[in-house]
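To start, the structure itself, in structure tokens.
The values are calculated or read from the model by the stated rules, or taken from the named source; none is laboratory data. The structure presented is a predicted model; accordingly, all values stated were derived computationally and were not measured. Here the Cβ is made from the backbone with ideal geometry for all residues, glycine too, and neighbour counts use every protein chain on show. Note: accessible area is taken over every heavy atom of the protein model, side chains too, but ligands, DNA and RNA are not part of it. Shrake-Rupley method; radii C 1.70, N 1.55, O 1.52, S 1.80 Å.
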Amino acid sequence: MKTLDNIRFVLVGTTHPGNIGAAARAMKTMGLSNLHLVTPKIYPSAEATARASGADDVLARAVVHDTLDSAIEGCQQVYGMSARLRHLPVPVVNPREAVTQIQQASDDAQIAIIFGREHSGLTNEELDRCQHLVNIPANPDYSSLNLAAAVQVLAYELKMSFDPTIEVGRIGEEREAINAEDLEHLYGHFEESLVTIGFLDPEKPKNLMRRLRRLFNRADLDRNELQILHGILRSAETMREGKGGE
Ligand code: SAH
């Protein structure tokens, strides 16, 4: 099975160590841990560790390289992240499309995603190493994301594609499912009660019951909610009976 372990993020020529730390944090939050650094300006650095804030294990395992070729060695697919859409004969995709392509690669394929320098991005020679360019569609008048923010976008798209589950699906109590018989029983109870309290005229029912069915079918009722509705109907019937003599 393909996993996020086959994917490495490569930061080239990063100037600010804080961005390296923030990138490590962005990766770890999405379950990624293979960080490669090509000629970072200042590294290791206390600022990188501070900004990693709990992702220092990713930072500690980061591999530093002298060349980009060394960082992408053994990779079958190389994606270059570019803020500027240059007119290069290389296909440009958005992050979601890139992740779809990554999913289609063979299970053991190694994948590299390359991020450029804060001020100047990736050089043409570095872009030549990439089979695909990835552009995050952004505000055309202000399209350059902070390096770690660009890392976060890619990491999130990968996580959403490889494992979109969230840890706590629903906050609070467990919802017990109900079945078709429970719903029929509820609609039967509604019909009887609405006749009892005089809201539904059995001679002229119109579409009331059908509309109520439509309403509750949309509501995805659980057992607890079903019991509340039965309880309300019983109360209404009891009140009506109490007033019966008036
Ligand atoms: N001023 C640089 C951008 C540097 S931002 C330039 O014009 O190229 C640092 C890195 O973050 C970029 O090299 C790129 O890898 C990534 N990045 C930032 N914004 C991006 C975007 N909109 N799409 C793709 N990558 C982006």
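A compact table of results
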{"item": "Count of the stretch 115-127 residues which are of a type outside the set (Gly, Ala, Ser) and near the ligand (Cβ under 7 Å from one of its atoms)", "result": "5"}
{"item": "Residue among Ala98, Ala112 that is assigned by TED's automatic domain parsing to the domain that holds Thr15, touching a helix residue (DSSP H, G or I) at 6+ places or on another chain (Cβ under 8 Å), in a helix (DSSP H, G or I) and within 13 Å of the ligand (Cβ to nearest atom)", "result": "Ala98"}
{"item": "Number of the exception - Ser161 against (1) more than 16 Å from the ligand (Cβ to nearest atom); (2) open to solvent by 70 Å² or more (accessible area, probe 1.4 Å); (3) part of a helix (DSSP H, G or I)", "result": "(2)"}
{"item": "Residue within the stretch 128-150 that is assigned by TED's automatic domain parsing to the domain that holds Val12, among the aliphatic types (A, V, I, L, M) and more than 11 Å from the ligand (Cβ to nearest atom) present", "result": "no"}
{"item": "Condition check for Leu59: assigned by TED's automatic domain parsing to the domain that holds Asp141, in a helix (DSSP H, G or I) and over 26 Å from the mean Cα position of the chain (by Cα)", "result": "no"}
{"item": "Flag for Ala71 being over 19 Å from the mean Cα position of the chain (by Cα), open to solvent by less than 20 Å² (accessible area, probe 1.4 Å), more than 10 Å from the ligand (Cβ to nearest atom) and over 19 Å from Leu11 (Cα atoms)", "result": "no"}
{"item": "Test: residue in the stretch 21-29 that is among the small types (Gly, Ala, Ser), out of contact with any His (no Cβ under 9 Å at 6 or more places or on another chain) and away from the ligand (no atom under 16 Å from the Cβ)", "result": "no"}
{"item": "Identity of the residue in the stretch 192-246, in a helix (DSSP H, G or I) and of a type in the set (Lys, Arg), that ends up surrounded by the most Cβ atoms within 10 Å (Cβ to Cβ)", "result": "Arg213"}
